[in-house]
Structures are given as C-alpha cells and as structure tokens.
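Here is the structure we will look at.
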Amino acid sequence: MELYIAIITGLIGIGGLLWNLFGSSKNRENNTFREQEAERFFEKNCEIDENWSSKGRVYTRGVGLIEKDGKLKFIKQAKLCDTGILH
Amino acid sequence: MSSTYFGWIPTNLGFINFDLIGENEDSLQYKETDISNSNYISIKDIDLNFISDSYFPKSSLVSKLNKNSKEYYLSGNIEFNKEENKITGFSTLTISKNKKLLSKWYFHSKISFEIEYNGKIKFYNLKIDTNVEYYDTFQEDIAFIFYIIIKNTVHGNNHHHQKIDTALYITKDEFKPFDILNNFAQHIKRLEYDVKSIDKCFGKLKILNSKNEVDGYKSYIGTFIELFFDKNDKAIKAKVESKEKIIDNVIISLKANVEKQEVKNNFQVAFVLNMITFFAILISLNIFANALDVKKDLNLENISNISIIINSFFVIFFFYYKSFKCHILNRIFYKKYYEYESFDHLKYHKIDKISKKIKVISFFVKNIHFSMLIIVSIINTLLYYYIY
C-alpha cells in the first residue's frame, strides 16, 4: 500500500512542480516592463533622470544617496510601490 | 535661494490638536515636552526609513545582490511651538552612514514651518549643508521628506500603509486646494484599480481593508472641502460638488468589487472547509477502525500505523496550504514590506549566481505543498522497503 501511495504522491508532486515551472505564469505578458523595473531596483538604485515618466503607473518618489566613482551624490528615485507592483 | 512649499496635514476634525502631536509611537523614538508651559514639543531621532518611501533604504536582499549598493540612515528631529493662531517650528534631517554615526553626517538640512490649526502647512527657509554632490533641483524632494516627517508626527497614518505616501503632495509657492482634492481622487481611483487587479492571495487583507481605507479618505476629503472651499461661490460650489460625486462613484465601484470578491472567497472557503471536514471524518474513521482492529478483519495488515499518521498529516496540510500561504504572505506584506518587495522584483531579475540560488529556494518554498508531496512519496517508499 505504501508503494501505491508513494507513486501517487510522487507523481502529483512532480507534476505540480513541473506545471508551476513551465505551465503557468500569471505575469508573463508583463515581463519586459517588470524585468526593466527589477534591473532598476537591484542594480541602478531606482534612479531616474529629468525626462523620466511614470507612464500612468504608480511610483513612490524620493531621493537617495549613492556612491559613484568614489564620490557620494544625490539621485532622484522612483520605485514601483505596492500599488504599482500590482498593476 | 530656497522656495516656499505648501501642503495639508489631514485632520477630519478640521482642527489640529497640539496635545496629540507625536502620539504616533510607531514612527517616533523619543518625545520630549516642556512640562512647565505645555506649549512646546520636541521629537528626536525619527527613523524615516520606517515611516516613508520618500528616501529609499534597501532591504538586506538588495545589499546581498548588489555589492555596490550601500544603505544610509536618515533621521529627523522636530520642534513644535504652540501659538494662538498657528503652530510654528522647525525640523532637521540628517543622513549618515548608520544610526551610531549620526554626528558624522553626509547631509544636514533644516526647514522652518507654520501649521495653521486647519492643517494647512507652509515650509520656508530651507537650508542645506552637505559635502556630497547636490543640485537645487532636489529642493522639492527634500521639502517633501520634511512634509512626510511632519505629517506622520502630527497626523499618523490610519488609512494606508505608512510607507506609501502617494495620496498627498506639496505644491510650490502657493496653496492649491484643487490640486489636493485631485490627488485624493486619483489615489482613490488607484485603490479601486488595485482591488480589481491585485493578487487575490497575498492581497486579501489589503482588499478587505480597502473599503475602510476609502471611507477614511472620504472623511478627510469632506473636512478638506468644508475648510478650504467657499461654497457661497457658485462656480466653486459646482466644481467641488462635481468632484465629490465622481469620488463617490469610484468608492461605490471599489466597494462593489470588494464585496464581489468576498462572495467568491466565502464560496471557496466553504468548499475547502467541506474538503477538510471530509478528510477529518475519514481520519477519524481510520483511527476508529484501527482501534477496533478492522485492518485484521479486512486483511489490510500490511499498512503500517506510522504510514497512516504521516499520510493523514500531509493530506490535511495539502488542503490547509492555501490558507496558510495567504495568511503568511499577508503578514509579510504588512510587516516586512521591503523584503516582500525585493522578492517580488527578484522574480523578474536576470539570473546571476546569488539570485539563481534564491530563486531555486523560493520556488520550492512557494510550491511547498508539491514539494511536501514528493517528501511523502520518498517517506512511503522508504517505509515500503523498511517494512518489507
């Protein structure tokens, strides 16, 4: 009996993981935008320039202090806030 | 030369109560009052990283992924003086390496302010002292940080997450009531959009709270209109009434969406509860049958008791998993916002060595119910070979 249970649970478990890995992705259509935002978030300190536009999305705005070329400098920042993330 | 900025500190009573300033203990580390005259309040070392997104601190995850990213500590002090027709005072901001090195600051700034008892605030005489690269274009952003500190100290934040300051902004050179009203309306519209598009699992608490949140905003909007718009002026009255109706319509739409989701959610909960009840009965019968030694009568002696216990546990966990997951995610969203935010961005981040490891771990944690089924499978296989 244990062997039957092992086979059934194993199949459901592996099937579920594979489905979630390859089969379903809710936000795939938004990936390009989110990839750019993730890059800004992790690698560019959410920095924006004067020409930046929110393009209708919701961002929290702020300033930050960063170190660049050995010097500290202020930068303007914009980060997708919880409202923005959900859009 | 520094500019003058204006804003509104929300008060639904229409009157700022001086005695309640600084009672928002979550954002304040130290409050000092002059007992001798009770017209003076000083609040020291306000940790802005906790109360606002206006200055972006980093989560520990960002620091791990980006070695060039450093975190700085921003703290504020404020002093309030009670006068007959207004509250005056000044606030200072300091950015330093960390909390212990406040005296070795990179940036120090000071601003004076006047708050009328109806909440209208004026900032002026902004002074900045810094040895880092800084331009005058940052003035408004710095003034906004001061606004956030003062607003949090005087008003608190009961109707939204304390870090999300997207409802109210400041204006330069003059007080603009219609701009403030528009900001309120746009913010409510964003909330309504949220309710429709939010992930129903981790956003559950936010969705349910949003009905109360918009009621809170509505109460402030009502008071704001009473305070700052002359209803004897027919043109202004018509414009304000029109805006109020639009806001009401958005609120009705938001509430309808929340209620629709509540009905759907209750339906799902009822289904899950039925399933749990079903398995609870099944397990009870198992135990009962075991006690009566039914296995022997039905010739099923090859199922071990430990196997029954382990499998029953995982079956129940599998059905409880969704409610556990939603509950935990909601807690993280409210209590550990930066960590939540970082993990959300990580899903879309290009893979490097560190983020790949985190991604693999978070994938298995996110799918813990399926991961556990594989564990059950392994345990059952081991039991099979151990017993036979």
Checklist outcome for this item: Inter-chain shielding metric for A:41-52, i.e. average beta-carbon neighbours from other chains within 10 angstrom, reads 4
Item to check | Sorted peptide list for B:180-188, B:236-244, criterion being average Cβ within 10 angstrom, highest first | outcome: B:180-188, B:236-244
Checklist entry - Given labels modelled 7 Å from the Cα in the Cβ direction, how far is it in nm from B:E83 to A:I14? => result 7.8
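Take peptide B:371-379, look around each residue's Cβ out to 10 angstrom, count Cβ atoms belonging to other protein chains, and average those counts.
Working: counts 3, 2, 10, 9, 3, 7, 12, 4, 4.
Per residue, the number of nearby Cβ atoms from other chains is 6 on average.
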Next on the checklist: Expected output is a single nm value to one decimal: the length gained when fully extending between B:S253 and B:N212, i.e. 0.36 nm times separation in residues minus the C-alpha distance. What is it?
Outcome noted: 13.4 nm
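Which value results when the Cα radius of gyration for the stretch B:77-134 is divided by 2.2 N^0.38 Å? It would help to have the intermediate numbers written out before the result.
On the way: Rg = 14.1 Å, N = 58, 2.2 N^0.38 = 10.3 Å.
Rg over 2.2 N^0.38 Å, computed on Cα atoms: 1.37.
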Checklist entry - How much length is gained on full extension from B:I328 to B:E133, taking 0.36 nm per residue of separation minus their Cα-Cα distance? => result 66.0 nm
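Based only on the alpha carbon positions, what is the Kirkwood hydrodynamic radius of the stretch B:163-239, in angstrom? List each step's numbers first, then the result.
Working: mean 1/r = 0.0705 Å⁻¹.
The Cα-based Kirkwood calculation yields 14.2 Å.
Please compute the length gained on full extension between B:K44 and B:F279, using 0.36 nm multiplied by the number of residues separating them and subtracting their Cα-Cα distance. Walk me through the numbers before you get to the answer.
On the way: separation 235, 0.36 × 235 = 84.60 nm, distance 5.67 nm.
Difference between extended and current length: 78.9 nm.
Kindly rank B:221-229, B:107-115 from highest to lowest mean number of other beta carbons found within 10 Å of each residue. Spell out each step's value before the answer.
Numbers: B:221-229: 17.7, B:107-115: 19.6.
Highest mean packing first, the order is B:107-115, B:221-229.
Please compute, for peptide B:222-235, the average count of beta-carbon atoms on other protein chains lying within 10 Å of each residue's beta-carbon.
0
Every number here is computed from the coordinates shown, using simple stated rules; none is lab data. Small disclaimer: the values here were computed from a predicted structure and weren't measured. Because the Cβ atoms are built from the backbone with ideal geometry, glycine has one as well, and the counts that use them run over all protein chains shown.
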